[in-house]
1. Sum -39500 (n - 2.57) across every DSSP H segment of at least 4 residues in chain B, then divide by the residue count to get the 222 nm mean residue ellipticity, nearest 500.
2. Arranged from highest to lowest average of other beta-carbon atoms within 10 Å per residue, in what order do the peptides A:197-208, B:237-248 appear?
3. Out of the range B:224-261, which chymotrypsin sites (Phe, Trp or Tyr not before Pro) are coil in DSSP terms and have no more than 16 other C-beta atoms within 10 Å?
4. Specify whether the C-alpha gyration tensor of the protein assembly as shown places it in the rounded, prolate or oblate class, a ≥ b ≥ c being the square roots of the eigenvalues: rounded for a/c under 1.5, otherwise prolate if a/b is larger than b/c and oblate if not.
5. Using a 10 Å cut-off on Cβ to Cβ distances, tally the other chain neighbours for every residue of B:34-40 and report the average as a whole number.
6. What helices in chain B pass both tests, a Cα length along the helix axis of 27 Å or more and a mean Kyte hydropathy of -0.5 or higher, using whole DSSP H runs?
7. Let's test the formula: R0 of 45 Å, r as the Cβ-Cβ distance of A:ILE82 and B:ARG21. What FRET efficiency results, to the nearest 0.05?
8. Convert 4 °C to kelvin, take the viscosity as 1.567 mPa s, use the Kirkwood radius over C-alpha pairs of the range B:63-199 as Rh, and evaluate the Stokes-Einstein diffusion coefficient in µm²/s, rounded to a whole number.
Amino acid sequence: MSTEVEALGLDAPSRKVGAQARPDGVPPWLGGTIGAILLALVWEVLALTVFHKVGSGVPTPTSVVTQFWSDLRSGLYGPNFIQTMKEAATGFVDGNVLAIVLGIAFVQLPLIEKALLRIAVASYCLPIIAIGPILTFVLHGDAPQSALAGLVVFFPTLVGVCVGLRSADRNSLDLIRAYGGSSWIQLTRVRLRAALPSTFAGLQIAAPSAILGAIIGEYLGAANTGLGVMMIDAEGALDIARTWGIALVCTAVAGILYGLIGLIGRLVAPWAPRKGMT
Amino acid sequence: MELPTLLQEEDVEVLPRRAIRSALLKRIASSLGFTLLSVVVVLVLWEGFIVLYHIQPMIAKNPLDVWRYMFTQHANVAADLRSAAGNRQILFHNLKTTLRDASIGYVAGIVLGLAVSCIFILQRMVRQTFMPIAIVLRSMPLVALAPLLTLIFGRGLLCVAVIGGIVCFFPALINIMYGLRSTPQAMLDLMSSYGVSKLKTLRTVILPSALPSIFASLRINVPASMIGALLAEWLATGQGSGQEMLTVENTFDFGELWSAVVLVTLVTIIAYSIVSAIEVAVLSRYAPDALGGRP
């Protein structure tokens with residue numbers, strides 16, 4: 001789900017001490033490729049043996065790919081894909097802008113944090129599946145899907161921004177204070193820059209979440225196009241290979257966006273320590 | 001000569017304790033005050049949302065409607081209304097099911113996440129092969145997969161465990177892995193120079209230093225497990241609060257829907273706060289550095 005950034009935030013102090021990337025033998029893309037091939041092989045074998053009965057939900061990877069290719073060529077994906085991305089992008093931008101503005105307000109004016117933090121946590125605890133139907137009845141067009149996407153994105157980014165702004169170097173802040181600088185100058189000169197890595201960690205996690213939010217919105221039945229709608233149709237037609245294909249496309253797009261935003265974050269804040277994940 | 005002893009005996013002991021108590025009371029009071037303020041703000045936002053968007057009264061239920069639905073409504077056969085007690089019975093029955101389902105997914109996801117990340121730490125080859133995939137799969141839209149999982153795992157508790165487990169597993173895995181890998185290199189070098197086995201290093205050094213990450217995943221998985229449970233109920237088992245969301249499209253009992261949303265949210269917030277409090281208590285003792293900056 002959406003929210004590992006809190007852990008990233010929690011780790012921010014220790015990251016400076018320890019977690020430098022250790023030399024690993026294999027680059028992640030190579031290990032990942034080998035892993036993906038292995039997984040596909042195991043899946044193929046399992047689908048042909050254990051799960052090989054009519055009506056079971058496991059098609060072979062080859063049939064999924066074949067189905068995907070023919071769907072792609074017949075233009076089934078194009079409009080649905082664009083629709084879902086549009087909804088997700090709107091939610092992504094709205095939710096994150098709100099989160100960043102509020103995060104800055106939280107750090108600059110502690111009273112606002114005290115008053116609104118609980119509401120922010122509550123927004124994170126709202127069951128999106130449950131409020132989906134309400135939003136569907138209340139809003140129109142793309143709005144319910146985008147609203148869900150924005151809601152999912154909001155809290156993790158907020159936490160990322162707050163943790164980042166607070167991770168600013170104590171000495172630099174004190175220096176500005178000693179020369180009579182206001183907290184506004186502290187913000188613009190030191191804090192915003194310090195907040196970049198952990199903000200990008202939040203945005204990175206937000207991208208897959210936004211897509212998930214949009215798809216849940218479509219799934220709840222307000223939309224006419226979109227990958228979620230396409231999936232409902234595929235399931236209704238018991239076209240399991242197509243359903244898996246759509247699920248994999250969603251996963252792939254989410255993964256690509258995750259990687260892309262990570263890359264942008266690294267370009268914008270090259271001083272940030274790498275996560276040493278693989 | 002007696003006075004100083006008295007002071008030493010009594011006041012040195014009592015004064016700090018009294019100071020601590022008053023500070024604690026003050027903190028609790030301010031925390032309660034801001035919680036109350038938050039509740040008021042939420043209620044105003046809720047009412048404002050309904051008024052602002054001109055939502056039909058049949059669909060939109062304001063805080064008062066939910067209160068009436070749960071506490072004061074009388075049965076009325078003509079208007080097809082249940083009594084508040086009846087409503088509560090249904091709501092709490094569903095909530096209990098959802099809580100059970102959420103706990104199953106929560107435990108399954110965390111235990112699996114912890115186990116797999118330990119294997120990943122001990123076996124570098126396995127980690128290098130599967131960790132990149134886990135990062136990509138974390139972005140998997142689970143709604144998309146839930147119906148497929150019901151085809152494989154049926155519509156029983158097994159499916160609840162699988163869906164809830166998947167929802168909780170990937171965040172747990174990635175968080176815990178991150179924590180396990182941020183052990184200071186010097187500590188690891190020390191252990192290996194003393195010839196300590198990998199397993200013992202994991203137990204004595206790596207796992208304790210990952211405590212902040214482990215607690216973070218315990219906390220952020222609380223809402224995740226609720227979502228997983230609702231998802232499983234909605235798409236697989238057809239029980240609990242998740243199923244309430246579905247039936248409302250047929251019964252148009254929006255009072256039930258809004259009340260269920262309120263209940264589920266409240267329970268999630270309470271559970272989240274409990275885990276968060278345990279986290280702060282444990283970390284302030286074992287990893288005080290890790291608490292900085294968190295809002």
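1. Mean residue ellipticity at 222 nm (helix-derived): -25500 deg cm²/dmol.
2. So the order, starting with the most tightly packed, is A:197-208, B:237-248.
3. Values: sites: B:TRP234, B:PHE252, B:PHE254, B:TRP258; in loops: B:PHE252.
Within the range B:224-261, the qualifying chymotrypsin sites (Phe, Trp or Tyr not before Pro) (loop, at most 16 other Cβ atoms within 10 Å) are B:PHE252.
4. Details: a/c = 1.64, a/b = 1.14, b/c = 1.44.
Oblate.
5. Values: counts 7, 1, 1, 5, 9, 3, 0.
Shielding by partners across B:34-40 averages 4.
6. TM-like helix candidates: B:12-52, B:84-122, B:157-180, B:211-232, B:254-286.
7. In this case the efficiency is close to 0.15.
8. It comes out at roughly 69 µm²/s.
FYI, it's all coordinate maths here, none of it is from the lab. Fair warning: this is a prediction, and the values are worked out from it, not measured in the lab. Positions of Cβ are backbone-derived with ideal geometry, glycine not excepted, and every protein chain shown enters the neighbour counts.
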